[in-house]
């Protein structure tokens, strides 16, 4: 902190425990463990805490630091924009250069037909915006009954009241008496969990049919949209079986239901394509962007709006009574432009597609296919998961779902490896700059953590 001395570790921990309410945290449990580990600096894939401890970050922060830590180009873009114009809003018939330039860049990058952009500061905000846009669109079409949006079990679309309702995280619903009316959920395309003896092709048909069945149950004249992540990240890296997204799009077209692709995690190279929609041939009506848009260096999100929706809002909608103080903030938009330029210049998307993505997949199998508590490994580009199970042959889960994953996560931290547990799946999404050596080190430490977990359970 410029001009200020930073307190020592003990004082920071004390202040943090006394005053800071963290997201997604059991406060009492954290205090009982002695408080937070204080991260002081980072470079590449490495993090250092205030005691000098070094970790390798296999999660790219929260799925977002795609170009790695310590990129001077992004810091310089923010600094130069702050010196020139630190803030002005996009209300009152005004604009600033960087959000205008970024909008044109995003239109060029995203799937054909997404020709308009609405900015926010987080994926949660932008998914809230989408709910507003979808309902406004159908009202303008004179179809006032089309209000319901269908999401999926384990879907994650944010933490606002509306975005929690879009998602299918039951624990989040219970805490806030959600979802709100007008939101429904169907099964996830989670073959390992629910596929049984079905082939991937047959399971893809079953999972997609669940969407159509719900549309028919509710009445197509009441269903406004379907929302899904191309790969369900926070839900446990649920990679859809071949054919699933093709069938989903057929169903949405048949029943005149808008299709929303939430690309908050899968965007900007994570899958080895610019967007997960490119990987799976999805042609959405609306698309949510955040996280990798700035590689986490500044808070920014965007809604890409397809021509059908945008043309109606523009031609028939009048004033759109929606927006945020920081919609189109010039600083994060400048950083996003520098970030996209860096990804292009270094060929990171192609590198993930052709080299490190296939390498991660191969090494996951080599390291874990023989492990007694690993039921499946799966990956796409640089996003993957390791399923921990009680019985490899039957896919039987451990009792008290999530407890083994939490135990393994703690062993990862002991190995100075940052990985995340989702139920009993260990998930990873390293920065796109990760080398083969980085991947080897991540998986070496992950194997040590999973071995330690298996020993705790008497399985090794």
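Considering the range 414-442 alone, what residues qualify as being touching a residue at least 60 places away in the same chain (Cβ under 8 Å), touching a strand residue (DSSP E or B) at 6+ places or on another chain (Cβ under 9 Å) and not in a loop (DSSP other than H, G, I, E, B)?
417, 418, 420, 422, 425, 427, 428, 438, 441, 442
With respect to residue 34, determine if the residue is surrounded by fewer than 14 Cβ atoms within 10 Å (Cβ to Cβ) and within 30 Å of residue 175 (Cβ to Cβ). Lay out the reasoning, then the answer.
On the way: surrounded by fewer than 14 Cβ atoms within 10 Å (Cβ to Cβ): yes; within 30 Å of residue 175 (Cβ to Cβ): yes.
Yes: the conditions hold for residue 34.
Being closer than 30 Å to residue 329 by Cβ and either surrounded by fewer than 15 Cβ atoms within 10 Å (Cβ to Cβ) or assigned by TED's automatic domain parsing to the domain that holds residue 291 (or both) narrows it down to one of 61, 8, 70, 53, so name that one.
Working: 61 fails: either surrounded by fewer than 15 Cβ atoms within 10 Å (Cβ to Cβ) or assigned by TED's automatic domain parsing to the domain that holds residue 291 (or both); 8 fails: closer than 30 Å to residue 329 by Cβ; 53 fails: closer than 30 Å to residue 329 by Cβ.
Checking each option against the conditions leaves just 70.
From the list 236, 281, 267, 272, which one is more than 18 Å from the chain's Cα centre (by Cα) and farther than 25 Å from residue 147 by Cβ? It would help to see each step written out before you state the result.
Working: 236 fails: more than 18 Å from the chain's Cα centre (by Cα); 267 fails: more than 18 Å from the chain's Cα centre (by Cα); 272 fails: more than 18 Å from the chain's Cα centre (by Cα).
Just one listed residue meets the conditions, 281.
Residues are listed down the side, and each one gets a yes or a no for (1) closer than 30 Å to residue 141 by Cβ; (2) in contact with a helix residue (DSSP H, G or I) (Cβ under 7 Å, 6 or more places away or on another chain):
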| position | (1), (2) |
| --- | --- |
| 187 | yes, yes |
| 191 | no, yes |
| 196 | no, no |
| 199 | no, no |
| 203 | no, yes |
| 212 | yes, yes |
| 221 | yes, no |
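Looking at the range 285-294, which of its residues are part of a loop (DSSP other than H, G, I, E, B) and within 28 Å of residue 331 (Cβ to Cβ)?
Matches in the range 285-294: 290, 294.
Conditions (1) touching a helix residue (DSSP H, G or I) at 6+ places or on another chain (Cβ under 8 Å); (2) free of Cβ contacts under 8 Å to residues at least 12 places away in the same chain, marked per residue:
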| residue | (1), (2) |
| --- | --- |
| 15 | no, yes |
| 18 | no, yes |
| 25 | no, yes |
| 30 | yes, no |
| 53 | no, no |
| 63 | yes, no |
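The values are calculated or read from the model by the stated rules, or taken from the named source; none is laboratory data. In this text the structure is predicted, and so the values were computed from the model without any measurement. Quick reminder, even Gly has a Cβ in these numbers, built from the backbone with ideal geometry, and neighbours come from all protein chains shown.
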